[in-house]
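Below is one structure, written out as structure tokens; comments come after it.
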Amino acid sequence: GSVIGWLLTVLTGIITEARLGGTDKKSANPAMRSCEIFFLLYDGFAALDAVGPADVFSTANEQAGDAIYRLHYVGSGRVARASNGMGFATRPLGEIAKPRLHTLFVPGGDEGPLRAVTASSTTMAWLT
């Protein structure tokens with residue numbers, strides 16, 4: 001909806017502004033280096049809360065003609081099941097070295113599953 005349209009407009013503006021620094025985007029302008037975007041998915045998350053932002057970043061990459069935003073989907077196992085029943089492939093947190101994290105999205109969900117993921121010792125160890 002309107003929030004996703006607004007985010008896309010903002011990201012497109014950032015990309016356009018960064019492009020003014022030169023023709024070789026990544027070397028001429030440090031702002032154009034790729035950003036590592038992580039989505040922490042867990043059983044019971046609201047799919048739209050992850051899919052909407054992921055689409056915005058993917059579209060921004062398309063508009064830029066480059067992978068400015070690298071998207072990563074992580075969780076406690078290999079699959080996180082959204083509240084609507086859809087399964088999403090994830091990389092287990094235990095298999096990922098502490099990332100060079102730019103942005104972390106934790107999609108919303110019902111209180112129980114959200115509390116469980118934020119109280120997880122594996123999650124906390126990965127984040128700290």
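Numbers at a glance
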quantity	calculated
Solvent exposure, largest accessible area first (probe 1.4 Å, DNA, RNA and ligands not counted), of Thr90, Thr103	Thr103, Thr90
Region 44-125 - percent relative contact order, Cα under 8 Å, separation 6 or more	36
Amide hydrogen neighbours beyond the local backbone of Cys35, cut-off 5 Å, H modeled	Tyr69, Arg70
Interchain or long-range residues, amide H under 5 Å from Tyr73's placed H	Phe39, Arg91
Cα centroid separation - region 57-128 against region 35-49, whole Å	4
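The values are calculated or read from the model by the stated rules, or taken from the named source; none is laboratory data. Just so you know, these numbers come straight off a predicted model, no measurement behind them. With ligands, DNA and RNA removed, areas are computed over all heavy atoms of the protein, side chains included. Shrake-Rupley method; radii C 1.70, N 1.55, O 1.52, S 1.80 Å.
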